[in-house]
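Have a look at the structure below before the remarks.
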Amino acid sequence: MPPVSYTLADFDYDLPEALIAHHPAEQRSASRLLDARSAQLQDRIFRDLPGLLQAGDLLVFNDTQVVKARIFGEKASGGKLEILIERVLDEQHVAVHLRVSKKPLPGSTMHFAGGLKQGGFDAVMQGRYPDADGPLFLFKIQSPEGQTPWSLMERFGHLPLPPYIERHQQENDLDAEEDAERYQTVFAREPGAVAAPTAALHFDQMTLDALQANGIERANITLHVGAGTFQPVKTEDLSQHRMHSEYYHIPDSTLAAIAACKARGGRVVAVGTTSVRTLESWAKTGKTQGDTQIFITPGFAFQVVDVLITNFHLPKSTLMMLVSAFAGYEHIRHVYQHAIAQQYRFFSYGDSMLLSRVAPATVV
């Protein structure tokens, strides 16, 4: 087969607005699961998953916890703004996304939750992050003694929701209680994400117990999902895309579990693209923790992951490219056409699919 060359337009598709899920399914494991491991697609329910895997397989979950990173405030002039804290750098400094009508100049002080004088806190904008052309802004926080960025988020912050959800959270969101429970996995324990590892949202204790009873093992990694996961690629030439950076960590126990799984002939099943990016970053670099900017497109040679559980992704996104690399470009086109025709629910609160790895295509 001759080499294939892909551009951004190859990863676009038309999605009816009605298929974007704005609320979760009534029960986590009652969401739908499209078994797309072969050309014969099968429509299932997520709670069927334990019967689709094999004893000796290893599920790898991302145990990151979504934090209340979205905080509303105002400039000294009174103009409204909001920040999304992407990274806590130390006890005073944070790197944030900034949403405001007119960007403040370095040195400007902004007030949150009424400001320091009214029981809230202030922050001084110090410039771009991580460099002069960086996508984030560096803020130095001024808060009451004993308050950290983490405690300020917990006290004044809001759980961020993806930008495509219509009821995008405001200061007084009637659905905030539902999101606090459902936009979080049942095993989240490492705070730091501003977006959920959404494939893992389908797992409830009943499903986890059934997997264990079937001899399917579990291990964890941590990747703190950043807001960049929702950013569409804007360059037709994929080689010109600047990938966002996310922090990951793989414990020694997970490395041992992966080695044991491979030795017994089991399959490594990544729960979500974040687990894929973490495991394949380790395979590529040998580093068990650090920042990754891995950009997986068709032609990528996967070294660790054999099976993938994932949701349905945004058009023209890096995640569309990742699943196309994993399961095959034409197969993914077929899968998405089927999902749309069968009215699966899309994106973070939507349904999921089960994919098997194929041999990488030759890409130029």
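The values are calculated or read from the model by the stated rules, or taken from the named source; none is laboratory data. Nothing here was measured: the structure is a model prediction, and the numbers come from that model. Please note: Cβ atoms are built from the backbone with ideal geometry, for glycine as well, and neighbour counts cover all protein chains shown. Each accessible area value is taken on the protein alone, full model and side chains, heavy atoms only, with ligands, DNA and RNA left out. Shrake-Rupley method; radii C 1.70, N 1.55, O 1.52, S 1.80 Å.
Please verify whether the range 113-123 includes one or more residues that are touching a Lys or Arg at 6+ places or on another chain (Cβ under 7 Å) and at pLDDT 90 or above.
For the range 113-123, residues touching a Lys or Arg at 6+ places or on another chain (Cβ under 7 Å) and at pLDDT 90 or above: present.
Just to be sure I understand the filter: pairs with C-beta atoms under 8 Å, separated by 6 or more residues or on different chains, first member in the range 285-296 and within 16 Å of Glu86 (Cβ to Cβ), second member open to solvent by less than 80 Å² (accessible area, probe 1.4 Å) and part of a loop (DSSP other than H, G, I, E, B). Which pairs pass?
Once the first residue is within 16 Å of Glu86 (Cβ to Cβ) and sits in the range 285-296, its partners that are open to solvent by less than 80 Å² (accessible area, probe 1.4 Å) and part of a loop (DSSP other than H, G, I, E, B) give Asp291/Ser245; Thr292/Ser245; Gln293/Met243; Gln293/His244; Gln293/Ser245.
I'd like the full set of residues that are of a type outside the set (Val, Ile, Thr) and in contact with a helix residue (DSSP H, G or I) (Cβ under 6 Å, 6 or more places away or on another chain), limited to the range 322-344.
Leu322, Ser324 - these are the residues of the range 322-344 that are of a type outside the set (Val, Ile, Thr) and in contact with a helix residue (DSSP H, G or I) (Cβ under 6 Å, 6 or more places away or on another chain).
Taking only pairs six or more apart or across chains, which ones have beta-carbon atoms under 9 Å, a first residue in the range 105-124 that is touching a residue at least 40 places away in the same chain (Cβ under 8 Å), and a second residue that is part of a loop (DSSP other than H, G, I, E, B) and open to solvent by less than 10 Å² (accessible area, probe 1.4 Å)?
Phe112/Gly120; Ala113/Gly120
May I ask you to list the residues in the range 283-298 that are open to solvent by 60 Å² or more (accessible area, probe 1.4 Å) and part of a helix (DSSP H, G or I)?
Lys284, Thr285, listed by residue number.
What are the residues in the range 262-273 that are in contact (Cβ under 8 Å) with a residue 40 or more places away in the chain and either farther than 10 Å from Leu59 by Cα or assigned to a strand (DSSP E or B) (or both), if any?
Arg264, Gly265, Gly266, Val268, Val269, Ala270, Val271, Gly272, Thr273, listed by residue number.
How about the range 278-309: which of its residues are over 21 Å from His249 (Cβ atoms) and of a type in the set (S, T, N, Q)?
Thr297
For the range 147-154, check the following and say yes or no: at least one residue is assigned to a loop (DSSP other than H, G, I, E, B) and on the phi < 0 side of the Ramachandran plot.
Scanning the range 147-154, I find at least one residue that is assigned to a loop (DSSP other than H, G, I, E, B) and on the phi < 0 side of the Ramachandran plot, so the answer is yes.
Check off (1) loosely packed, with under 14 Cβ neighbours inside 10 Å; (2) without any contact (Cβ under 8 Å) to a residue 12 or more places away in the chain; (3) of a type outside the set (A, V, I, L, M, F, W, C) for Arg242 and give me the number that stays unchecked.
Failing condition for Arg242: (1).
Could you please find all residues in the range 1-53 being open to solvent by 70 Å² or more (accessible area, probe 1.4 Å), aliphatic (A, V, I, L, M) and more than 17 Å from Gln342 (Cα to Cα)?
Once the filter is applied, which keeps residues that are open to solvent by 70 Å² or more (accessible area, probe 1.4 Å), aliphatic (A, V, I, L, M) and more than 17 Å from Gln342 (Cα to Cα), the range 1-53 yields only Met1.
Tally time: how many residues in the range 60-96 are open to solvent by 50 Å² or more (accessible area, probe 1.4 Å), touching a residue at least 60 places away in the same chain (Cβ under 8 Å) and in a strand (DSSP E or B)?
Restricting attention to the range 60-96, the residues satisfying the condition of being open to solvent by 50 Å² or more (accessible area, probe 1.4 Å) are 65, 68, 74, 76-77, 80, 87, 89-92.
In the following step, the residues that additionally are touching a residue at least 60 places away in the same chain (Cβ under 8 Å) were identified as 65, 68, 87.
The next check asks that each one be in a strand (DSSP E or B); those that pass are 65, 87.
So the count comes out to 2.
May I ask you to list pairs of residues, at least six apart or on different chains, whose Cβ atoms are under 9 Å apart, with the first in the range 164-189 being under 10 Å from Leu201 (Cα atoms) and of a type in the set (S, T, N, Q) and the second being open to solvent by 40 Å² or more (accessible area, probe 1.4 Å) and modelled with pLDDT of 65 or more?
So the pair list comes out as Gln184/Gln65; Thr185/Gln65.
Can you give me the number of residues within the range 318-364 that are surrounded by fewer than 17 Cβ atoms within 10 Å (Cβ to Cβ) and out of contact with any strand residue (DSSP E or B) (no Cβ under 8 Å at 6 or more places or on another chain)?
Residues flagged as surrounded by fewer than 17 Cβ atoms within 10 Å (Cβ to Cβ) and out of contact with any strand residue (DSSP E or B) (no Cβ under 8 Å at 6 or more places or on another chain) within the range 318-364 amount to 10.
Looking only at residues that are touching a residue at least 12 places away in the same chain (Cβ under 8 Å) and surrounded by fewer than 18 Cβ atoms within 10 Å (Cβ to Cβ) in the range 136-145, which one is nearest to the chain's Cα centre (by Cα)?
Lys140
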